[in-house]
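No value in this document is a laboratory result; all are computed from the given coordinates. Bear in mind the structure is a predicted one, so any value in this text is a computation, not a measurement. A quick note on method: Cβ atoms are made from the backbone with ideal geometry, for glycine too, and the neighbour counts reach across all protein chains shown.
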């Protein structure tokens, strides 16, 4: 019985050591939602992180003009004595046009976003 107790305590100690040794390293994510990808990329790289396009919707060929809809840090679990990986910020992009047109995905002219885009086009 005493041997079983010693083994159980040793196993619990090893499990506690392993769980304390593993950590999560995360990059600091700047507020880039609503910016173009080009501007967001400059901001993120200026903080020393790499940019990864996690998802992209729409059909715009010029990725620099896409709008960032979300940004988050990629969680990476490090083990004891393992060098941390590079800081990465993942972004979701919307490459839709302000207004949909023939063969061009975008906002409907009847939607609030579409009406706002039409008003902006007419004003300037």
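What is the packing order of peptides 91-98, 45-52, taking the mean over residues of other C-beta atoms within 10 Å and listing the highest first? Before the final figure, lay out each step's value.
Numbers: 91-98: 18.2, 45-52: 13.4.
Final packing ranking: 91-98, 45-52.
Residues 53, 44, ranked from the fewest to the most other C-beta atoms within 10 Å, line up as 53, 44. Shown here is the pair-distance distribution of segment 41-80: with all Cα-Cα distances grouped in 5 Å bins from zero up to the longest one, the shares run 5, 16, 26, 23, 14, 9, 4, 3, 1 percent. Here the contact order of segment 24-123, divided by its residue count and restricted to Cα pairs under 8 Å and six or more residues apart, works out to 29 percent. Neighbour counting of Cβ atoms within 10 Å sorts the residues 88, 122, fewest neighbours leading, into 122, 88. Residues 90, 72, arranged from fewest to most other Cβ atoms within 10 angstrom of their Cβ, appear as 72, 90.
Based on the Cα gyration tensor of segment 24-123, what are the three equivalent ellipsoid semi-axes, each the root of five times an eigenvalue, rounded to whole Å and given largest first? List each step's numbers first, then the result.
Values: eigenvalues 235, 30, 22 Å².
Semi-axes, largest first: 34, 12, 10 Å.
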